[in-house]
Amino acid sequence: MCTYENVIFDFDSTLIAFESLELVMADLLQGDQHKIQQLEILTNAGMNGEIGFRESLEARLSIVKPSCQALHAFVAQYCPGAFTIGVEKLIQKLHANGVKVWIISGGFRELILPFAQVLNIPSAQVCAVNLNWNENGQFESLNNDNGFCDSKVMGVQRIREQLQGQTLIVGDGFTDYELFREGIAHQFIAYTEHVSRQQVLDVAPFYAQNITELSNLIYPENPRF
């Protein structure tokens, strides 16, 4: 049996096989390799903990501004095909065991919600960055009502009382590890199938290279944690 009441999944490069924001923006840049490279550098700097999350996000949004149309096009193309192989069955098993499954991400909430619906994860358990749009459906500004524009830690602090019982965080980034370091999650598993970050592996208590390994850590025959 799973020993956790809550399992939190990161979205990009964990639930799905790549970074959604980078792909949306790359499509909008239409092959501008210089700007695409800038986006990749900023993403990695943020995920490795080298710069603050909000600093990274605002810098990326200054390079290219997304639109509602671009987000809808992404969902139409990649949902549900982008899911990490095996993750849907793992989440079904968690639900069957009464585990509360969350998605907590530095990505755009309205892009993530259709994926959460496929996984039968309630919208109230999807916590991510909200955006303000102008009347033409173009990005206008960050909406930080929930705190997730600042950091995952700041955002999750506001819903911490909802995380009753033992909580596990699964993700590829340093921002995921921070939830464990700050005591919000009781355990952290670095997920490395799609991206392996040395700065994260250096501090992660456990890591999983695929969903089979992740499942074995969550449902161990001989409990290790």
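The values are calculated or read from the model by the stated rules, or taken from the named source; none is laboratory data. Every value quoted in this text rests on a predicted model; they were computed, and no experiment measured them. Reconstructed Cβ throughout: ideal geometry from the backbone, glycine too, with neighbour counts over all protein chains shown. These accessible areas exclude ligands, DNA and RNA; they are computed on the full protein's heavy atoms, side chains included. Shrake-Rupley method; radii C 1.70, N 1.55, O 1.52, S 1.80 Å.
A few points about this structure:
- Low-density loop positions, GluC sites (Glu not before Pro), the range 93-200 - DSSP coil, at most 11 other Cβ in 10 Å: Glu135
- Rounded percent of accessible protein surface that carbon and sulfur make up, the range 71-225, 1.4 Å probe: 45 percent
- The base-10 log of I(q)/I(0) for the chain, evaluated at q = 0.17, 0.18 Å⁻¹, reads -1.27, -1.44 [Debye formula, identical scatterers on Cα atoms, solvent excluded].
- Heavy atoms of Thr192: accessible area, 1.4 Å probe, square angstrom to 10: 20 Å²
- The chain: relative contact order in percent, alpha carbon pairs under 8 Å with at least 6 residues between: 25 percent
- Take the convex hull of the alpha carbons in the range 53-136; its mean projected area over all directions comes to 6.5 nm².
- Per residue, the accessible area of the range 91-186 comes to 42 Å², computed with a 1.4 Å probe over protein heavy atoms only.
- Averaging 1/r across all pairs of distinct Cα atoms in the range 106-154 and inverting the result yields a Kirkwood radius of 11.6 Å.
- Length gained when the stretch Asn144-Asn48 is fully extended (0.36 nm per residue, less Cα-Cα span): 32.3 nm
- Pairwise alpha-carbon distances in the range 93-225 exceed 26 Å for 25% of all pairs.
- The Cα-based radius of gyration of the range 1-127, divided by its Kirkwood radius, gives an Rg/Rh of 1.00.
- Only lysine pairs 8 or more places apart, or on different chains, with alpha-carbon atoms under 27 angstrom apart are counted in the chain, and they number 7.
- Phe18 accessible area, 1.4 Å probe, all protein chains in place, Å² to nearest 10: 60 Å²
- Each 10 Å bin from zero holds the following percent of Cα-Cα pairs in the range 163-224: 24, 54, 22, 0.
- For the residues Trp102, Trp133, a 1.4 Å probe over the protein chains yields an accessible-area ranking, largest first, of Trp133, Trp102.
- Rounded to the nearest 20 debye, dipole of the chain from Cβ charges on Lys, Arg, Asp, Glu: 440 debye
- Restricting the range 1-55 to GluC sites (Glu not before Pro) in coil, as DSSP defines it, with at most 16 other Cβ within 10 Å: Glu5, Glu50
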